Amino acid sequence: MNKNKRKFLTGLYCTLGSAIVFLSIPSVCNAQESSAQLSKGKGSTGGIQHKTWTEYGGGNDQSKYVDFKQINKKNVNQLQVAWTYSTNDNVATSKFNPIIVDNVMYVLAKNNSLVAIDIGTGKEIWIHANLNPRSKRGINYWESKDRKDRRLLFNVGNTLQEIDAKTGKSILTFGDNGSVDLTEGYGLDPATISNPTSSSPAHVFEDLIIEGSTTGEGYFSTPGDIRAYNVITGKEAWIFHTEPREGEFGYNTWPKEAYKYIGGVNVWGEFSVDAKRGIVYCPTGSPTYDYYGADREGQGLFGNCIIALNARTGKRIWHFQMVHHDMWDFDAVSAPQLITVNHNGKKVDAVAQATKQGFLYVFNRVTGKPLWPVKEIPVPQSKTPGEHSWPTQPFPTVVPPYNRQVITAKDINPLWSAGKRDSMLKRLAAGKSGLYEPLSTEYETFTMPGANGGALHGNTASNPGKGIVYVSYQEAPSVYKLGKTPPSTLRVPISADETVRAQAMYTEKCQSCHGPDHNGAIGPSLVNLNNRLTYQNFDALLESGRGQMPAFVHLGDQATADLYKFFSSPIVARNFGGRGGGRGGFGQTAGAMPEGPVVESGGAPVKDKGRERVQRGYPEGFPVPPVKYDMNASSTSYGLGFPDLLKAPWSGIAAYDLNTGKLKWNRALGNVDKFGKDTGSPKGSQHKGMLITATGLVFATCNDGKIYAYDADNGNILWSYKLPREPDGLPAMYEYKGREYLVICSTSGRTDRTKTDEETFRGYTVLALPEIKK
């Protein structure tokens, strides 16, 4: 290893036989202090762990596990629709995981309004209209110890806001007249911060809400610092710099002052909390730019890590980096699973982290020590000009991967036409394939798993007491080729009619993620899109979706063409960072009032602070790379044009017994019936989730339009139910008056193509066993 690379390494090398093992150095003393300082706290999410569903994902540990006994293997096939709630809108991008507190269910419906529903009668209690929260996946709930003060917490625009859970009205005593400006508090110019909120819910612990962010993926994105705020006052309680500042641990794993221009290293997925010890586990994404790191030489802590923080103070307890100097967009996004196992004859509280790479890492959750050795293995090195790839990557030694990790000629889909298959075989032969094969400007790289492969958002669950972890995944490769970043000068003409149609489409389907000016919000900037994507690439991206972005398979050729021209034509680019969101808030689009008991609209009022967008840039004296590289137009956007490139199965669920580290079973998720049995489904687990019961059931949603019940012991499918629309997000379960209910959000594409969109139910389907009549 050369000296320049060695200096960036923070941790400990030791020998294991003939292998070199890298262990991040944990702060064991801090972990012990954290446990000793434990207190019951002043407030909470209000639920009983594994008995209620008052938090996104069910509870603090994100296990998606319920200790319910009524629905079991013998009667699961009797589940039927108990009641439904229509969203009464045409929003197809909701992935909302409802939360249930006492007899009230909180859902997203009616054109991005929050609605409280009485689960006993099905009647709406209140509607807070036109809220348009950043996260369409869920919200957070907090209640005081005496339960008199109950709050719903969420992001709107670039702000953190709260609603009174009983009345549905904004809490204006929170923050500054009802909101906290999340562009502030970084220690950087707020005008340079454009995407400080997350596409996923935050996490409530005691009287704190712990916030991640969806920073964007381009050059000069916002840093992904993790922050906690007091739920009563809105005051920032602590901040953890995921891109360390001078003097902080990990600073020397980057170039000097990298935090001033590097973005990402963010938690845009799911936090998990060990409430007993007061530890929050944070899976982080890659640094930006994701695919080329000439301006971020080094290991890059805390990118692609699982980080254990003291949830009360934000102090680092331990970390482990699962990808060094990421060049493949291998974000860690799935919820860390908190389990208890028998390991070497002792009871051990562990945490398991699934990844896009198909690896499942398992650690002692207090010390951070891997339960089984992790080897640092040499990997191919980049030859792209300016890039300095890391010489090794960490490979688990005992727990087997759940994904394929290389593509050979034998793996190419035999169901493709002969011409299509032969063409791909020639491309594969001319390129290179492998898990950590660097991207190149000279040839295509077949990365397996790719940017949308492996375990994604919502794709982990567990039976925590038994030490069993479930991972849903997809066998999705990416086909990459780097090219020089083009200048932003090219324009595509667009007519007045096309502009009107495209603007309406953009406002409905795109604006909440990409911002009112197209310049990026949760999602990346779309300005000058044609400089990065050909029309064919753009069409393929809409067809497949990517990461947090859903697929838009029913737009049609005209709408797709309109949008492409719209993003490729001159517009007034202005950033609304630090302003948007809220009733009367700058940049917030007013909507029509829905029918029903509307109590308020638009969230808290947010003042226009008059900030013009300031682009982040390199600090003075930084050796700017003479050439930057980006995804070349010759490569399908993010390499995602071939979700069925491999032979089946295309998606699956793997069950691990982490008492032994062995794979318990691995089964296909979903099916494409015309191709036979056990095919899985292309993109089958993307934006989907699981739910585990104490009776040995694994419920899983899939993009084939069904929810499945698997036998937790062997993976056999015991039951399935076809929904009117493709299900999205995590299912939820609750008990009411002695009866158990399973809730699924189903708002995407129709499953019955003989029906029109207007004829097809969109909303929440609630299933239960037949009611026993007395």
How big is the accessible area of E184 in square angstrom, nearest 10, if you roll a 1.4 angstrom probe over the protein chains? 70
Taking the full set of protein chains and a 1.4 angstrom probe, give the accessible area of L456 in square angstrom, rounded to the nearest 10. 10
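If you count only protein heavy atoms with a 1.4 Å probe, what accessible area per residue comes out for segment 364-512, rounded to a whole Å²? Please list the in-between numbers first.
Details: 6050 Å² over 149 residues.
I get 41 Å² per residue for segment 364-512.
Ranked from highest to lowest mean number of other Cβ atoms within 10 Å per residue, what is the order of the peptides 371-381, 290-300, 113-123?
Working: 371-381: 16.7, 290-300: 23.5, 113-123: 18.5.
Taking the mean over residues of other Cβ atoms within 10 Å, the ranking is 290-300, 113-123, 371-381.
Quick one: accessible area per residue over segment 671-773, 1.4 Å probe, rounded to a whole number of Å²? Before the final figure, lay out each step's value.
Working: 3930 Å² over 103 residues.
Here the per-residue accessible area is 38 Å².
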Show the residues, 5+ positions off or on another chain, whose built amide H is closer than 5 Å to the amide H of V101. Y106
Accessible-area order for K509, K95, largest to smallest, probe 1.4 angstrom, reads K509, K95
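Hey, with R₀ at 25 Å, roughly what FRET efficiency would T760 and T507 work out to, going by the Cβ-Cβ distance, to 0.05?
Details: r = 23 Å, r/R0 = 0.92.
Taking R0 as 25 Å, the efficiency between T760 and T507 is 0.65.
Using packing as a proxy for protection, rank 321-327, 751-757, 265-271, 656-662 so that the peptide with the highest average count of other Cβ atoms within 10 Å comes first. Don't jump to the answer; show the numbers that get you there.
Working: 321-327: 25.9, 751-757: 11.0, 265-271: 28.6, 656-662: 18.6.
My ranking of the peptides, most packed first, is 265-271, 321-327, 656-662, 751-757.
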quick shape note, segment 278-338: Cα extents on principal axes in Å, largest first -> 38, 21, 14
Straight-line reach from K664: which lysines fall under 17 Å, measuring Cα to Cα and dropping same-chain residues less than 8 apart? K466
Under the Kirkwood approximation applied to all pairs of distinct alpha-carbon atoms, what is the hydrodynamic radius of segment 128-214 in Å? 13.5
Cut-off under 5 Å, modelled amide H: who pairs with A275 long-range: none
Highest mean packing first, using Cβ neighbours within 10 angstrom, the peptides 674-685, 607-618 sort as 674-685, 607-618
Under the Karplus relation 6.51 cos²θ - 1.76 cosθ + 1.60, θ = phi - 60°, what is the ordered set of whole-Hz ³J(HN,Hα) values for segment 299-307, x standing for Gly and Pro? 5, x, 6, 10, x, 6, 10, 9, 10
Arrange the residues K136, K51 by how much accessible surface each exposes, largest first, with a 1.4 angstrom probe. K51, K136
Rounded if a/c under 1.5, otherwise prolate or oblate - segment 345-496, Cα gyration tensor axes: prolate
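Of the heavy-atom accessible surface of segment 261-379 (probe 1.4 angstrom), what whole percent is carbon and sulfur?
Of all accessible area on segment 261-379, carbon and sulfur atoms account for 50 percent.
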How about K481: which lysines have a C-alpha closer than 27 Å to its C-alpha, ignoring those fewer than 8 places off in the same chain? K5, K356, K383, K410, K420, K426, K432, K565, K628, K647, K683
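Enter the accessible area per residue of segment 96-167 (Å², integer; probe 1.4 Å; all protein chains in place). Mind dumping the intermediate values first?
Values: 1870 Å² over 72 residues.
Value returned for segment 96-167: 26 Å² of accessible area per residue.
The values are calculated or read from the model by the stated rules, or taken from the named source; none is laboratory data. Remember, it's a predicted structure, so these values are computed and weren't measured experimentally. Neighbour counts are summed over all protein chains in view; Cβ atoms, including those assigned to glycine, are modelled from backbone coordinates with ideal geometry. When the accessible area is computed, the model is the full protein with side chains, heavy atoms only, and any ligands, DNA or RNA have been set aside. Shrake-Rupley method; radii C 1.70, N 1.55, O 1.52, S 1.80 Å.
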